[in-house]
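What follows is a structure written as structure tokens; I'll ask about it next.
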Amino acid sequence: MKIFHSILCLCLSSLVSWGQTPDSFQVNMYKQFLNQKASSQLTEQLYNNRLFTKALLRESAQNTRKRIYASQDTTLIRQYEAWIAKRAWYGRLLDWTDSTRKRKGVDLAKLAQEVNNLEKNLQKGLLRKSTKFTRKLEEYVPHTWQEIQQKLKVGEVAIEIIRARQYDKKQSNLIYYTALVVTPKSTQPIAVFLKNGNALENQGLKEYLQSYGQDRVSFARFWQPIHAQLMKAYPAVKKVYLSSDGVYHRVNLETLRDLANNEFVFDKYDIQRVSNTKNILRRGKKADPSPKKQAVLVGLPSKELKEVQQLLQDQQWKVKTHTQAETIKDSLKQLKSPPVIHMATHGYYISQDSLKKLKNGQTSEQKYLQNPLFRAGLWWPKKTSKSIQNKEVLSAFEAQNLPLHQTDLVVLSADETALGLIQNGEGVYGLPRALHSAGAKYVLASFWKINREATQQLMQYFYRFHNEGKPYHQALRLAKQQLRKAYPHPKDWGAFVLLE
């Protein structure tokens, strides 16, 4: 988005002094490593660069929305809300066929220009506040790996996964993965090079999703090299802060089984996913006030919603429910940024292969090609019929416009809600990203089609542990431990991950 690119330009000039793209920089480092020429300076530069750039646009969008509302500048707030409303309307019109738009006199190009003009006006408003708005914005302050190390406690490590593509004309399809590891005892980030990037993204991912990590090679492919280096450099490790990239956004490392020891990665490591390992730096800072005990439950009437409602109300939560199919979508748009939102419904993601199969006339391909956020979302049936005409759909594009700037947690209890189009260094363009951009701090989402009965129990455990004072990550981990007693297969207990 232009707004955040413009703010970024105010802060970026001193960053890439070595004049290479992150991809080319990592590939060159990989080549030097193969020639035994890798230096501590190279690994330090690469780690520091990732601290600055990784997930920057998403974090900027999330924080800018919060700061606009916190500014109490009514003019700026009105400009922002007008732009959001116009963008949402544009998204709705993309659903219409060309003939429908023509019949109703809708000029899509003109509307797109209006959206752009509103964005430019908002951009000018932000830039007028540049000294206040950008000088001390935490996401634009460069950090170093040493700062991360200083925040690590005994038994903790930080890992940045980095994907790079070889841009050499003769070998344009080569993909490399590097894990940069920082431990409390590191003298420099430790580089673990995975030479089989192409295999990881093709056969490796296919076999992982077929077996949920129970095959004989997934552990060796995705985790063994990192595990071996951890055992060598810091065998006391128990907790891992993991910032993913590429195919690692599709793999829940907890579910990988080490057949040699017959144990899951979950049993040996407490893995906490972060968008960027610089998130660790927030520890020790003045904490935000604890969210109020207020929740909104969304979805058709179900055992899960009924049980979550009862559990929360027993703990003195104020709970509102929206279970009328025809009004759910409008109810979501009228929310006032509740602390917790729990959505129990159906999820969808249109993969690249599926996109090619879309038929003109049934739905418009244009919007899916224009913005990947249209390819992921939630749906629920209006009536008993399951035909497309009787479904209500909330796309990720629409979800990014929801008023969630004070929302702490959104639970997406549905199939494949963590999926989306993966962009190097920026994460996954799907529902979680949209909700983060809308302001939500945490999103609980799923990697694959869920077992509904197991999920009902998982959510019960999760809220129970959270009500006992456990943070979301710890509450989810304890909930999975409990669920494994009744559902030992990782397909059932390993579907959900907490994203921040």
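Just grab the label-to-label distance for GLN72 and GLU207, each label 7 Å out from Cα along the Cβ direction, in nm (one decimal).
6.1 nm
Taking the Cβ of each residue in HIS143, HIS346 as the centre, tally the other Cβ atoms inside 10 Å and list the residues starting with the fewest. Display every interim value, and only then the final one.
Working: HIS143 17, HIS346 20.
With the sparsest Cβ surroundings first, the list reads HIS143, HIS346.
How big is the antiparallel share of DSSP beta bridges in segment 294-499, given as a percent to the nearest 5?
Values: 17 of 34 bridges.
Here the antiparallel bridges make up roughly 50 percent for segment 294-499.
Moving on to the next point. For labels at ALA88 and ASN424 in the simple 7 Å Cα→Cβ model, what's the distance in nm?
Each label point lies 7 Å from its Cα, and together they span 3.6 nm.
Test of understanding: extend the Cα→C-beta vector of LYS470 to 7 Å, then name every residue of segment 254-282 with backbone N under 14 Å from that spot.
The answer is 270-271, whose backbone nitrogens lie closer than 14 Å to the label point.
Next question. Below 8 Å, C-alpha to C-alpha, sequence gap of six or more: please give me the relative contact order for segment 294-499 in percent. List each step's numbers first, then the result.
Values: 401 pairs, mean separation 39.8, N = 206.
Result for segment 294-499 is 19 percent.
Quick check: from the Cα gyration tensor, does segment 145-281 come out rounded (a/c under 1.5), prolate or oblate?
Working: a/c = 1.94, a/b = 1.20, b/c = 1.61.
Oblate, because a/c is 1.5 or more while a/b does not exceed b/c.
Where both partners of a DSSP beta bridge lie in segment 404-500, what percent of those bridges are antiparallel, to the nearest 5?
Working: 8 of 11 bridges.
Counting DSSP beta bridges with both partners in segment 404-500, the antiparallel share is about 75 percent.
Next question, about the same structure. For a Förster distance of 35 Å, can you work out the FRET efficiency between the beta-carbons of ARG216 and LEU174, rounded to the nearest 0.05? Don't jump to the answer; show the numbers that get you there.
Details: r = 26 Å, r/R0 = 0.73.
E(calc), rounded to 0.05, equals 0.85.
At what distance in nm do the modelled label points of SER331 and THR187 sit from each other, each positioned 7 Å from its Cα along Cα→Cβ?
With each label point 7 Å from Cα toward Cβ, the separation is 6.1 nm.
Let me ask something else. Can you tally the net charge around VAL296? Count Lys and Arg as +1, Asp and Glu as -1, for every other residue whose Cβ sits under 11 Å from the Cβ of VAL296. Let's see the in-between values first.
Details: positive: LYS318, LYS320, LYS336; negative: none.
Local net charge: +3.
Which pairs break 21 Å Cα to Cα here: LYS185/LYS278; LYS54/LYS293; LYS232/LYS491; LYS391/LYS441; LYS185/LYS232; LYS153/LYS268?
On the way: LYS185/LYS278 18 Å; LYS54/LYS293 33 Å; LYS232/LYS491 31 Å; LYS391/LYS441 29 Å; LYS185/LYS232 12 Å; LYS153/LYS268 17 Å.
Pairs exceeding the cut-off: LYS54/LYS293; LYS232/LYS491; LYS391/LYS441.
Taken together, the values in this text are just the output of simple stated rules run on the coordinates, not laboratory data. Quantities reported herein were computed from a predicted structural model and do not represent experimental measurements. Backbone-built Cβ (ideal geometry, glycine too); neighbour counts: all protein chains shown.
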